[in-house]
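Every number in this text was worked out from the coordinates using simple rules, so none of it is lab data. From a predicted model like this one, the values you see are computed outputs, not experimental measurements. Neighbour counts are summed over all protein chains in view; Cβ atoms, including those assigned to glycine, are modelled from backbone coordinates with ideal geometry.
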2 protein chains.
Amino acid sequence: MLKEERFQIILDQLGHEQKVYLGHLSTLLNVSEDTVRRDIKELADQGLLKSVRGGAVPHAPGPHHFRDRMTYDNEQKQIIAKKALQFLKDGQVVIFDGGTSALLIAQMLPKDLKLTVITNSFPIASILEEHEHVDVLFAGGRLLKDSFVTIGNDAIQFFKKFRADICLLGICSIHTNLGVTGPDFEEGEVKRTMIECSKEVIALATTEKLGTAEAYYVCPTERLSTIITDKQADIEEFDIYRGLGISMV
Amino acid sequence: MLKEERFQIILDQLGHEQKVYLGHLSTLLNVSEDTVRRDIKELADQGLLKSVRGGAVPHAPGPHHFRDRMTYDNEQKQIIAKKALQFLKDGQVVIFDGGTSALLIAQMLPKDLKLTVITNSFPIASILEEHEHVDVLFAGGRLLKDSFVTIGNDAIQFFKKFRADICLLGICSIHTNLGVTGPDFEEGEVKRTMIECSKEVIALATTEKLGTAEAYYVCPTERLSTIITDKQADIEEFDIYRGLGISMV
DNA sequence: GCCATATATGCAATATTTTGCAATATTAAA
DNA sequence: TTTAATATTGCAAAATATTGCATATATGGC
């Protein structure tokens, strides 16, 4: 019997049952448990199932939650978040984008700051709920399952009702000619509206995002008032943005 | 039996009940209480449930501590939630009120049910994010700090865009003459709109709320299609509601 | 065909993990 | 406080994994 046949049988079993046992497969396939174990390991490496002690279970492509992604890569973003805090002053109306960068800012926000925050991000709203002096206006709309933000026309119309002092724009790609771009159409639409409704736009960008572009256009680079990066701001490389009237921080 | 099977069974239990006991699981799974305890600890580390003395309770995988505020030991509400589930069918558009009763229903919702849910409750939206086949439409508006719902004109206008099959109305006071009433003006306004936009209104009410009234008027009693209580439904006392064409469950 | 090489398989010795038990500590309730 | 229930810890037995190795089987070049 070919190894591939065994693979197929193992996967078939997992299609019906929620588990397979080494012993069972060993007799079913007429090979030693060692071999079954090796097969399972190989399939697990391909991500087709999950190897567990004594057998295997289907690989659940579990909904990766916001919390999980939070911990990832936060060195740079923390630096950015700290820098961003100094831009926020009592009494301002601030639009928070839905990304992790803006979320970090919300987490680090001093408890005594008085703000009106407009956002479409559940995690951000949930954190700010604890800030006594922060009024939260939440944009309704269709809930985007894996990023915990609302999108769609309803969300857009909601933002259009306001005129914010500052928009904290989560990390997008920024290119001097191609402008600000993002990877998702619908989220891009929302971001564009956020920008339209704000006097000042502060973009949060790790340095590797500078000079790159993605599929969906958000706004021209000149529309940004400030770009906050994780690097020292006096790099020569940044002069091209300063030439556009953008302050680099 | 694989460890993963036990995990699955424990989590399944928590999908139906709001708590599991060590002793119960120990006999159910044919392992010692120590092992169950270790399993629960492991699942708790993964954030899939919350370990408590003597057993475990569900833990929302949502971004934040919504679930912590839940009262787990509310027998009455659990009975109501179970009864309510049978009213929900594939394909329906359902408005979920922001109270804990509706939240319990959301928690116990079968994962394969296909629904469109409209709500103004963060905890509910956060739980339903897990349900692949549930579309969530979230009502924007001002965030009411301690009950995690949005209120205000924006929320009201949002609901008005829809025509739902069912409205699950959290616990209010119900009085045959004085109608349905609640303790908060703004939340009452929202509830009234939810009702206006729904064909069928199912009120969730513990029996002590029947025959009482509070400060703010929501709707006439006759507007309710069904009242779900925690008691047997054939009580004579309920006849007065049946007389109004309301089915008691 | 035939050899050299790579790969797959089973076996045995050795690690590692899981599990239940008992002793001890901690917690909740009377 | 005392008492009963539940948790924690250390430990040993059982189950399962890993590793190294010998054998078998396939693969490709000649």
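Quick notes on this structure:
- When chain B is treated as a GNM with alpha-carbon contacts under 10 Å, the residue of B:LEU103, B:LEU210, B:LEU22 showing the greatest mean-square fluctuation is B:LEU22.
- For A:VAL52, residues with placed amide H under 5 Å, excluding near neighbours: A:VAL57
- Lys, Arg +1 and Asp, Glu -1 on Cβ, resulting dipole of segment B:69-248 about Cα centre, debye, nearest 20: 340 debye
- For A:116-129, mean number of other protein chain Cβ atoms within 10 Å: 4
- Which listed pairs, of B:LYS89/B:LYS111; B:LYS77/B:LYS209; A:LYS191/A:LYS231, have C-alpha distances above 18 Å, in listed order: A:LYS191/A:LYS231
- Chain B, helix-only ellipticity at 222 nm - DSSP H runs n ≥ 4, -39,500 (n - 2.57), divided by all residues, nearest 500: -10000 deg cm²/dmol
- Placing unit charges on the Cβ atoms only, positive for Lys and Arg and negative for Asp and Glu, gives segment A:3-58 a dipole magnitude near 220 debye about its Cα centre.
- Chain A: angle of helix A:3-16 to the longest principal axis, Cα-based, in degrees nearest 10: 70 degrees
- For chain A, the longest site-free run once GluC sites (Glu not before Pro) in DSSP loop states with at most 14 other Cβ atoms within 10 Å are removed: A:133-249
- Springs between Cα atoms under 10 Å define the GNM used for chain A, and in it the highest mean-square fluctuation of A:ASN30, A:ASN177, A:ASN120 occurs at A:ASN30.
- Counts of other chain beta carbons within 10 angstrom of each beta carbon in peptide A:156-167 average 1.
- The chymotrypsin sites (Phe, Trp or Tyr not before Pro) of segment A:146-227 that DSSP puts in a loop, and whose beta carbon has at most 15 other beta carbons within 10 Å, are A:PHE162.
- Other-copy label distances relative to A:GLN18, 7 angstrom Cα-Cβ extension, nm: 2.4
- In summary, the lysines within cross-link reach of A:LYS41, defined as a Cα separation below 18 angstrom excluding same-chain residues under 8 places away, comprise A:LYS3, A:LYS19, A:LYS50, B:LYS3.
- Dipole of chain B [Lys/Arg +1, Asp/Glu -1 at C-beta], most positive-end residue of B:VAL20, B:GLY91, B:ILE80: B:GLY91
- Principal axis box of chain A, alpha-carbon based, largest edge first, Å: 72, 42, 32
- Normalised convex hull volume, the protein assembly as shown, alpha-carbon set, Å³ per residue: 179 Å³
- For A:PHE185, inter-copy separations between label points set 7 Å beyond Cα along the Cβ vector come to 4.5 nm, shortest first.
- Nonlocal amide H pairs with A:CYS219, under 5 Å, H built at 1.01 Å: A:VAL180
- The amide H of B:GLY211, built 1.01 Å from its N in the peptide plane, has B:ILE174, B:HIS175, B:THR176 as neighbours under 5 Å, considering only residues 5 or more places off or on other chains.
- Cα-derived Rg over Rh, computed across segment B:3-59 with Rh taken as Kirkwood radius: 0.89
- Nearest-ten-degree value, helix A:74-85 long axis tilted from longest Cα axis of chain A: 20 degrees
- Exam field: A:GLY243 pseudo-label spacings to other copies (7 Å along Cα-Cβ), nanometres: 8.5
- Table column - 3J(HN,Hα) (Hz), segment B:110-119, Karplus curve with 6.51, -1.76, 1.60, x for Gly and Pro: x, 5, 9, 6, 9, 9, 10, 10, 10, 8
- Phi to ³J(HN,Hα) by Karplus 6.51 cos²θ - 1.76 cosθ + 1.60 over segment A:150-161, Hz, x for Gly, Pro: 9, 9, x, 4, 4, 4, 4, 4, 5, 4, 5, 6
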